[in-house]
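The structure appears below as structure tokens.
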Amino acid sequence: MDYDVRQAWIELWLAVFGEPPPIASETDLTAKILIQHLPTPPPYEVKSRTE
């Protein structure tokens, strides 16, 4: 993982957990942890263009 990608992961972790990641880990493991802790998005609502 290059420096810029690592910094992006750190910023995302900070946004989700409010603190930097405790250790450097594999990208796949970090993604799984973040996805498990991100809030679920609201349901999508389909609207017509004429409304």
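The values are calculated or read from the model by the stated rules, or taken from the named source; none is laboratory data. This structure is a prediction, so every number in the text was calculated from the model and none was measured. We place every Cβ from the backbone using ideal geometry, glycine too, and count neighbours over all the protein chains shown.
Annotations
- Answer residue from region 1-31, given it is of a type outside the set (A, V, I, L, M, F, W, C), part of a helix (DSSP H, G or I) and surrounded by 12 or more Cβ atoms within 10 Å (Cβ to Cβ) and is modelled with the lowest pLDDT among those: T30
- Residues that are more than 21 Å from T40 (Cβ to Cβ) and in contact with a Pro (Cβ under 8 Å, 6 or more places away or on another chain), drawn from region 10-22: I10
- When region 12-51 is filtered for residues that are in contact (Cβ under 8 Å) with a residue 12 or more places away in the chain and closer than 17 Å to D2 by Cα, the ones remaining, listed by number, are L12, W13, P21, A24, T27, T30.
- The set of residues in region 32-49 that are surrounded by 10 or more Cβ atoms within 10 Å (Cβ to Cβ) and of a type in the set (D, E, K, R) contains only K32.
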